[in-house]
Structure formats: C-alpha cells, structure tokens
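Taking it in order: structure first as structure tokens, then the write-up.
The values are calculated or read from the model by the stated rules, or taken from the named source; none is laboratory data. This one's a predicted model, so the numbers in the text were calculated from it and none came from an experiment. Reconstructed Cβ throughout: ideal geometry from the backbone, glycine too, with neighbour counts over all protein chains shown.
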Ligand SMILES: [Cu+2]
C-alpha cells in the first residue's frame, strides 16, 4: 500500500472515532418529563430548587398549568427513578411514585392536593 493511501485510511478512521465520541457526549444527557402533584408557584419553586441540588441535574422546570416537570440530567449521575424519589421526598407525587407522607404533611395547606 502506498503511504498516501495509508494516510487517507488513518484520517478516515480518526474521523469515524471522533464522530462516535461526539455521539456519546451528545447522549450523556437526557431530558424527561415527570407528572407531579404541584399546585402553585410555591410548589414550582420548592421542587425546582430541590432538584437542582441533586447531583447530575442540569435543569429543572415545573409547568404549573400542566403539573409536570421537565428535567435535563446527566445519565452517568442520575436516572428517572432517582428523580422520582427526590420529588417524592420533597412531598409530591412523581409519576406513579406517591409522595413521602411526612414531607407531604409538612407542605403548606395550599400546596397539598386540591389546596387551591
Ligand atoms: Cu404550592
């Protein structure tokens, strides 16, 4: 094989390797939408602040009107189950996971279910 051909092949291989590395980096974060039992802007703030303290959480945005939270997280640091557990620990239902009773009872009345 000619040196030029080998050089071309090497370049092609490096480009492929670079592409797959890039793809992995892209896939290392995920965004999920979780159904939650939030009632108002106070809930929004409480849940968003709580989640942002979690390792691996990049972004957390509650939409009060739809009672959902959109979370962007690092897949190597956390996962959907951990996020649901954290929300439940703050006092809110998260998808099928019910809120922690003790935390829920500590919420202001207006933030409990049907509280507004
Ligand atoms: Cu509230």
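Data overview
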{"quantity": "Some residue of the range 61-72 being assigned to a loop (DSSP other than H, G, I, E, B), touching a strand residue (DSSP E or B) at 6+ places or on another chain (Cβ under 8 Å) and modelled with pLDDT of 95 or more", "calculated": "yes"}
{"quantity": "Subset of the range 1-35 that is part of a helix (DSSP H, G or I) and closer than 30 Å to residue 97 by Cα - its residue that is modelled with the highest pLDDT", "calculated": "27"}
{"quantity": "Residue list for the range 36-57, restricted to those being exposed (fewer than 14 other Cβ atoms within 10 Å of the Cβ) and not in a loop (DSSP other than H, G, I, E, B)", "calculated": "41, 45, 49, 52"}
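Yes/no per residue for (1) exposed (fewer than 13 other Cβ atoms within 10 Å of the Cβ); (2) under 13 Å from residue 37 (Cα atoms); (3) more than 14 Å from the ligand (Cβ to nearest atom):
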residue	(1), (2), (3)
62	no, yes, no
75	yes, no, yes
84	no, yes, yes
99	no, yes, no
